[in-house]
1. Roughly how many nanometres apart are two label points built 7 Å out from the Cα toward the Cβ at GLU97 and SER15?
2. Per residue and in cubic angstrom, what volume does the convex hull of the Cα atoms of segment 23-143 have?
3. Determine the calculated [θ] at 222 nm for the chain from helices alone, applying -39500 (n - 2.57) to every DSSP H run no shorter than 4 residues and normalising by the residue count; nearest 500 deg cm²/dmol.
4. When the Karplus curve 6.51 cos²θ - 1.76 cosθ + 1.60 is applied with θ = phi - 60°, which whole-Hz ³J(HN,Hα) does each residue of segment 201-212 get, with x for Gly and Pro?
5. Order these peptides, 3-14, 194-205, by their mean beta-carbon neighbour count within 10 angstrom, highest first.
6. Where does the chain land on the Kirkwood hydrodynamic radius, alpha-carbon pairs, in angstrom?
7. Per residue, what accessible area does the chain have, given a 1.4 Å probe and all protein chains present, in Å²?
8. Determine which aspartates and glutamates satisfy two conditions relative to LYS180: a Cα distance under 15 Å, and not lying fewer than 8 residues away in the same chain.
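The values are calculated or read from the model by the stated rules, or taken from the named source; none is laboratory data. Model, not experiment: these values are computed from the prediction. We place every Cβ from the backbone using ideal geometry, glycine too, and count neighbours over all the protein chains shown. Surface accessibility is based on the protein's heavy atoms, side chains included, excluding ligands, DNA and RNA. Shrake-Rupley method; radii C 1.70, N 1.55, O 1.52, S 1.80 Å.
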Amino acid sequence: NDFKPGAPKAVLEVSKGEKILLSGENNEKVFNGNGEMLGIINDNTFICNKDKLLSNNELNTLRIPTGGEYKIILSDETKVFANSDSKIQYPYAFDKEKRTVKLSGEAYFEVTRNEKQPFEVITKNSTITVLGTKFNVCSYNDDNFEQVTLEEGMVSVKYRGQEYILTPGMQLDIDTKNKKAMLKNVETAQYVSWKDELFRFQDMELDQLTKK
């Protein structure tokens, strides 16, 4: 049977359980139940409203269904490419000390540089801290591994009390079943090409390949 390709689709969950389907034409404004504009859809990308009150730190959740993918530009202009069956939690406005999001699934980040306000990605296993960089995180709940792959800049990953520093071309491969972590050099294109609608595999175990 032919496999249907992924398509841009996502659901935005805001406070009080309200769910908003992100679809529609370019420059379509997205409002919550109170009539507040949360952002704009443009080119299958949800652009967060940067004029939102800075005192409002409510968390939003962007959910990508299986077979979907979507892009979001956060209030600090960081770009996030979210893959199928993923979930990202983020605030309307980041606090002054750091910018924190939570991820379940896979996402590619292009983080806006701000040395005074580090960017932090929290997964079920680790905490990834950066100032400004491009990297991919794969952390699905039903996988027995987590991977952080760095394209540009530098990131710090904390896992089980130990800190790992990644430079471009490096990957931290975490075996979550055996609770082990290993740094290695990789061909990053194999791990980030999904955001450009490409599948690239080399020496991948069959169980991992079929899931991808």
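1. Roughly 2.2 nm, to one decimal.
2. 108 Å³
3. -1000 deg cm²/dmol
4. 10, 8, 6, 8, 4, 4, 5, 5, 4, 5, 5, 4
5. 3-14, 194-205
6. 17.8 Å
7. Per-residue value: 57 Å².
8. In chain and number order, the partners are ASP143, GLU146, GLU163.
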